[in-house]
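One structure is given below, encoded as structure tokens.
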Amino acid sequence: MSDRLPLCVVVNGPSAAGKSTLTEAVQDHLAEPLLRFGVDELYRMVPGQWAGGVVGARYAVERGFSYQDVPEWPGTRRIQVGPDAIAMLLAMNAAIVAMLTSGVGVIVDGQAFEPQVNADLEQRLADLRAQGLARVAVIELVAADEPLADRQRRHRHPAGLSLHQNTLPKQAANPDLVVETSGLSATEVAKVVCDWLDHEFRAS
């Protein structure tokens, strides 16, 4: 086990902003293992009857995760969450903290756009950082609507999901690094972030 404090890198941004590509690049770059865990990994664990992508899912609309039309954005859908979905998202936060307190680093490949859930993770990570139990870096990827829409067409997400998410409050209240990705390639974004991480944590 490393003698360094476990590192948590949170990568946020709208759908199609390049989070997953960046998390893989960071995992490959750093000379310490970071387990990848994020909202997409959580969604893959959700029982089908609580998942909005399952036709006729009995518990999705009222209790779990479901896609809902956004009236003011024709053709756009958003992810609606019920009480069981909130509980699952909070469990994801607890799992992230458990991995860190076990001494293993984590890279969080995106949080949901749920303020209470994100505030919970922010407080948990702030507590770990204040107690000297983990190193934490919160990174936010931002992009203009046009490049997001272009990327969205290459992903199998509900129509307009990323554009709608681009109008929502950011997942983290105070990110440590904000990267505008509109005019950058994935390789260039990775270099910016990895160089920053190297500088930020070189002595830790």
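Using a/c under 1.5 as the rounded threshold, could you call the stretch 68-145 rounded, prolate or oblate? The axes a ≥ b ≥ c are square roots of the C-alpha gyration tensor eigenvalues, and prolate needs a/b larger than b/c, oblate otherwise. Please list the in-between numbers first.
On the way: a/c = 2.94, a/b = 1.86, b/c = 1.58.
Taking the square roots of the gyration eigenvalues as a ≥ b ≥ c, the stretch 68-145 is prolate.
Amide H to amide H, which residues 5 or more places from Arg36 or on other chains are under 5 Å from it, using H placed in the peptide plane?
Ile107
How long is the gain from Val104 to Met45 if the chain were fully straight, where each residue apart is worth 0.36 nm and the alpha carbon distance is subtracted?
Gain on extension, Val104 to Met45, equals 19.1 nm.
For the chain, what is the percent of antiparallel DSSP beta bridges, rounded to the nearest 5?
20
Ranked highest first by the average count of other Cβ atoms within 10 Å around their residues, in what order do 168-178, 87-97, 133-143 fall?
Values: 168-178: 15.3, 87-97: 17.4, 133-143: 20.8.
Descending mean neighbour count gives 133-143, 87-97, 168-178.
Mind putting a number on the dipole of the chain about its Cα centre? Charges go on the C-beta only, +1 for Lys and Arg and -1 for Asp and Glu, and I need it in Debye to the nearest 20. Please report the intermediate quantities before stating the final value.
On the way: 18 positive and 25 negative charges, 94 e Å.
Once rounded to the nearest 20, the dipole reads 460 debye.
Once fully extended, how much extra length lies between Cys194 and Gln116, figured as 0.36 nm per residue of separation less the alpha-carbon to alpha-carbon distance? Don't skip to the answer; put the middle values down first.
Details: separation 78, 0.36 × 78 = 28.08 nm, distance 2.93 nm.
So the chain would gain 25.1 nm between Cys194 and Gln116.
Please list, in order along the stretch 131-137, the HN-Hα scalar couplings obtained from phi with the Karplus expression 6.51 cos²θ - 1.76 cosθ + 1.60 (θ = phi - 60°), rounded to whole Hz, x for Gly and Pro.
These are the phi-based 3J(HN,Hα) values: 7, x, 9, 7, 9, 10, 9 Hz.
If we count every other residue with Cβ under 10 angstrom of Asn93's Cβ, Lys/Arg +1 and Asp/Glu -1, where does the sum land?
Details: positive: Arg124; negative: Asp120, Glu122.
Value of the local net charge: -1.
To the nearest 0.05, how large is the calculated FRET efficiency for Asp176 and Glu62 if R₀ is 25 Å and r is the Cβ-Cβ distance? Each step should come with its number before you reach the end.
Values: r = 37 Å, r/R0 = 1.49.
Using R0 = 25 Å, I get an efficiency of 0.10.
Rounded to the nearest 500, what is the 222 nm mean residue ellipticity of the chain from helices alone, with -39500 (n - 2.57) per DSSP H run of 4+ residues and division by all residues? Show your work: numbers first, answer last.
Details: 7 runs with 82 residues, N = 204.
Theoretical 222 nm ellipticity from helices: -12500 deg cm²/dmol.
In degrees from 0 to 90, rounded to the nearest 10, what is the angle of the helix 19-29 Cα long axis to the longest principal axis of the chain?
20
Read-outs: derived from the displayed coordinates by stated rules, not from any lab. Note that this is a predicted model, so its numbers are computed, not measured. Glycine also receives a Cβ, built like all others from the backbone with ideal geometry; neighbour counts cover every protein chain displayed.
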